[in-house]
């Protein structure tokens, strides 16, 4: 289950802890659905997702739970229920106004890596962990948006090699492939630092920037630029913009670059 804490800044840290192996279950999908909805409604400034057991982020989905669907399949109209829920959940993560940062402080394979790929930023950890989409080894394929996201991030060839090829990656390999943005000795500490810094930024501006990033994917440039115009206008009209601009202008010229580096 997800164990949630909130820092003084408002940053939320959610650690996944399901003994003994941190396998994900249908119950855990429901909890994260509720949490993402709550964080969005409360407009928390940033969220960090991490593993709560040593060496384990989300290892992968509970294989017993997967097998049940093969032995006792859902009806043809409602199926696939689990995959549809995960698709909706991960898209809601992308639509949420706050940045969601995955601290990959342990094994993150299968659905665990799908959730990581659905986060806005990924921080890998220099340790004996494995990341990746390993479903085809089990005779199934990723059904929680992971392979489609991987192909968009690193191209079809590498997605075939790593995803269709069920290749677990070391954190270093995942970083070199472009599947994680940062690689650090302590993923949770770094992810929290990134979240804390982003929490100091005007929230409407961050939300609109996130919206531009996701809306501009897979559409013609002219359409993406229209989305950018709309979001940029909304950010400028927010109550946070003028105070930030005035704060910058109040600084001596020689201090202005340092103002951006805070």
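Points worth noting:
- Qualifying residue in segment 226-237 (condition: surrounded by 12 or more Cβ atoms within 10 Å (Cβ to Cβ) and over 21 Å from residue 97 (Cβ atoms)): no
- Filter result for the condition that a residue is assigned by TED's automatic domain parsing to the domain that holds residue 149, under 15 Å from residue 43 (Cα atoms) and either surrounded by 15 or more Cβ atoms within 10 Å (Cβ to Cβ) or touching a strand residue (DSSP E or B) at 6+ places or on another chain (Cβ under 9 Å) (or both), over 189, 195: 195
- Segments classed as helices (runs of 4 or more DSSP H), wholly inside segment 165-262, with at least 1 members that are without any contact (Cβ under 8 Å) to a residue 40 or more places away in the chain and either within 30 Å of residue 110 (Cβ to Cβ) or within 16 Å of the chain's Cα centre (by Cα) (or both): 171-177, 187-199, 203-215
- Where residue 153 falls short, out of the listed (1) under 16 Å from the mean Cα position of the chain (by Cα); (2) more than 30 Å from residue 61 (Cα to Cα): (2)
- Conditions (1) crowded, with 19+ Cβ neighbours inside 10 Å; (2) in the same structural domain as residue 14 (by TED's automatic domain parsing): number failed by residue 210: (2)
Conditions (1) modelled with pLDDT under 95; (2) assigned to a helix (DSSP H, G or I); (3) touching a strand residue (DSSP E or B) at 6+ places or on another chain (Cβ under 7 Å); (4) buried (at least 19 other Cβ atoms within 10 Å of the Cβ), marked per residue:
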residue: 8; (1), (2), (3), (4): no, no, no, no
residue: 13; (1), (2), (3), (4): no, no, yes, yes
residue: 27; (1), (2), (3), (4): no, yes, no, no
residue: 45; (1), (2), (3), (4): no, no, no, yes
residue: 57; (1), (2), (3), (4): no, no, yes, yes
residue: 70; (1), (2), (3), (4): yes, yes, no, no
residue: 73; (1), (2), (3), (4): yes, no, no, no
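The values are calculated or read from the model by the stated rules, or taken from the named source; none is laboratory data. Everything numeric here is computed off the predicted structure, so don't read it as measured data. Here the Cβ is made from the backbone with ideal geometry for all residues, glycine too, and neighbour counts use every protein chain on show.
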